[in-house]
Structures are given as C-alpha cells and as structure tokens.
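Below you'll find the structure, written out as structure tokens, and then a few comments.
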Protein chains: 2
Amino acid sequence: MITFRKAQASDLPAIVAMLADDPLGAGREDASLPLAQGYRDAFNAIDADPNQLLAVAVDGAELIGTLQITFLAGLSRKGAWRGQIEAVRVAGHRRSGGIGRLMFEWAIDQCRARGCSLVQLTTDKGRTDAHRFYESLGFTGSHIGYKKAL
Amino acid sequence: MITFRKAQASDLPAIVAMLADDPLGAGREDASLPLAQGYRDAFNAIDADPNQLLAVAVDGAELIGTLQITFLAGLSRKGAWRGQIEAVRVAGHRRSGGIGRLMFEWAIDQCRARGCSLVQLTTDKGRTDAHRFYESLGFTGSHIGYKKAL
C-alpha cells in the first residue's frame, strides 16, 4: 500500500540520497551525513512556504519516492495558477514498478485541488525515457527549458 | 532613462495589455476593462508572496515592459535557490530597441541578489527569435518544457 504525504525533516537524508542516486544528480549532490547545511536550509524554506509542497511516497515505513510541487500564481492565462513539479525521484530498487506514475497522478490531483489550470515541468533533453513517460501522462513537450548558472 | 520597479496594482491594466499584445497571448488573455477578477486575484497573490516579484520597466511615466520572477527553494544542487523568469513582454512600439536585454540583465541581478545559483525559464518552441536572444544572454536550452492542461 503506497501512500503520499508532505515530507518531514526526518525524511531529509533519505530524500537527498534519492536525489543523489541518479545519473545527473550523482555529480551535483552530496548525501553524506551529517547533511550539508544547504539541504537543511532549503528544507526549512520549502516547509515554511505555503506555495511549496515537498512530498514523499511511502510503502509501510519505507520512503520510496519524492517530488516537489510549487504552486505558482501568475497573470498569464487570465490569472491562472500553475503547478510545477520538480525533483522527482523513485528509489533505485523500486524503479519501473509503476510508482512514478502513481506519484504523478497524486501530484496532479494536488494541483487540481489547489485550483491550478496547468501543470508544468522541465526535464533534461537527455532523459529520453522520461519524455515518453510524460507524454503517456498527457503532457505536451511544447517548450524549451533554458538555464543559466550564476 | 529606463528604470525597473515592483509592479503596483495601478499598473495592472497596462501589464495585462502587454500580455495580450502577443501572438500567443492574444488568444488566451482579455485586456478589456474592468479587468477580469482573475487578474486582480492573481496580482494580489503575487504581491503578497515574498518569493514572487512582478516587475515593470518604466520610461518616464510610461510602462514599457513587464516580467515575473519566482524565487524557488529546492533541495537539488545542494539546496540551491533558483530564479524563474516568466511572462516577459516589451510594449509593442518599443520592441527591438534593446529593452528586453536591459530587463533580463536587471532580472538576473535580482536573482543574484537573492542568492540564486541558477536562473531558468521556458519558452514556446515556436518563438525562434526568443531562442537566439536567450542564448545571447548565456542561457543554455538543455531542457524540454512539458505542460498539461487540467
């Protein structure tokens, strides 16, 4: 029985370990304990923000997935709220078992419950498996995502 | 002398008019007065959120551009803050005059001042002029942006 809930501070080491266990994440995360202060500061900022929802998927006592939803107010599209989904990971030993799909269905429901009329995400051009997955969920890859490091 | 500042409620009709004066915006915005309640509700939500900055570019008393910055806390990249730029418009009669570049330089400075280590945006695949512009500002189009209407 897989359930979903808001992440708690005690989930943080397992969440960071999932972020690091990824071809792109491996080079830019550090899951060693005690966790770097940056992770704890970011968790506190997310946790205090009513427009942020850091969530975990749980199977019994085990944390098996994570994602972050940001609820974005904007003037465009007659003042539509958008839900933005980021930092999606499924625990390595549970991948390809349909958990990602359950997580997205849950996340999209959260966006709907908050009155969003659009859900958006970006994914690296190299994640071709992810592209097929998002298209199967009804997403359209209509945009290019640009990034600039500061 | 072009200056930049946080948008005020009295700027809202001019901002919505700029959002509507665009090939993609024309079909989805409504700049008629009085403005639809959705725009006013969205303005209030943005204005009340310390992680949102709706900004305008002003030349004398005239409003000549707008953009929205969202400051996003996230665990990824060791808890890096990201600035996300959206809803960028320059008034029709002032386009191609370098104002967009000034606006982006200002917006990137705002992101830097808030401690962001990354600036991100998405743009429709059809806006080919915009793609060249973002690349000239040092952005890399490394991602695909997916959207799903609810």
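The values are calculated or read from the model by the stated rules, or taken from the named source; none is laboratory data. Note that the structure is predicted; figures quoted are calculated from it, not measured. Positions of Cβ are backbone-derived with ideal geometry, glycine not excepted, and every protein chain shown enters the neighbour counts. Surface accessibility is based on the protein's heavy atoms, side chains included, excluding ligands, DNA and RNA. Shrake-Rupley method; radii C 1.70, N 1.55, O 1.52, S 1.80 Å.
Modelled spin-label separation between B:Ala9 and A:Arg127, with each label point placed 7 Å from Cα along the Cα-to-Cβ direction: 4.1 nm. Remark: label point of A:Gly98 defined 7 Å out from Cα along the Cα-Cβ vector; separations to the same position in other copies 6.0 nm, ascending.
The distance linking region B:61-123 with region A:21-93 is 22 Å (Cα centroid to Cα centroid, whole angstrom).
Just the number, please: buried accessible area between A and B, total of both chains, 1.4 angstrom probe, nearest 100 square angstrom.
5600
Residues in region B:1-84 average 42 Å² of solvent-accessible surface per residue, probe 1.4 Å, ligands and nucleic acids excluded.
With a cut-off of 8 Å between alpha carbons and a minimum separation of six or more residues, what is the relative contact order of region B:24-139 in percent?
Values: 122 pairs, mean separation 20.6, N = 116.
So the answer I get is 18 percent.
Sum up the charges of everything whose Cβ sits under 13 Å from the Cβ of A:Phe43, counting Lys and Arg as +1 and Asp and Glu as -1, but leave A:Phe43 out.
Residues close to A:Phe43 contribute a combined charge of -1.
Within the shell of other residues whose beta carbon sits under 11 angstrom from the beta carbon of B:Ala17, the net charge comes to -4, with Lys and Arg scored +1 and Asp and Glu -1. Loop-located trypsin sites (Lys or Arg not before Pro) across region B:119-150 with a Cβ neighbour count of 16 or fewer within 10 Å are B:Lys125, B:Arg127, with loop assigned by DSSP. Considering all different alpha carbon pairs of chain B, the Kirkwood hydrodynamic radius works out to 16.4 Å. By Cβ position, the chain A residue that hugs the axis carrying A onto B most closely, with its distance in whole Å, is A:Gly145, 2.
For region A:77-150, compute the orientation-averaged projected area of the C-alpha convex hull (one quarter of its surface), in nm². So the mean shadow area of the Cα hull is 6.5 nm².
Over 19 Å apart at the Cα level, from the set B:Lys125/B:Lys148; B:Lys78/B:Lys148; A:Lys125/A:Lys147, are B:Lys78/B:Lys148.
For region A:1-68, dividing the convex hull volume of the Cα atoms by the residue count gives 89 Å³ per residue.
Roughly how crowded by other chains is peptide B:62-75, in terms of the mean Cβ count from those chains within 10 Å of each of its Cβ atoms?
What the average comes to for B:62-75 is 5.
Just give the residues from region A:35-60 buried by at least 20 square angstrom of accessible area in the all-chains context relative to the isolated chain, probe 1.4 Å, and say none if nothing qualifies. Residues shielded by partner chains are A:Gly38, A:Tyr39, A:Ala42, A:Ala45, A:Ile46, A:Asp49, A:Asn51, A:Gln52. Full extension of the chain segment joining B:Ala48 with B:Glu62 gains 2.6 nm, where the gain is 0.36 nm per residue of separation less the Cα-Cα distance.
Here, the protein assembly as shown has an Rg and a Dmax of 19.4, 62 Å when only alpha carbons are counted. Dividing the helix sum by the residues of the protein assembly as shown, where each DSSP H run of 4 or more adds -39500 (n - 2.57), gives a mean residue ellipticity at 222 nm of -9500 deg cm²/dmol.
For region A:3-150, the residue among A:Ala26, A:Thr3, A:His131 whose Cα projects farthest onto the positive side of the dipole built from Cβ charges is A:His131.
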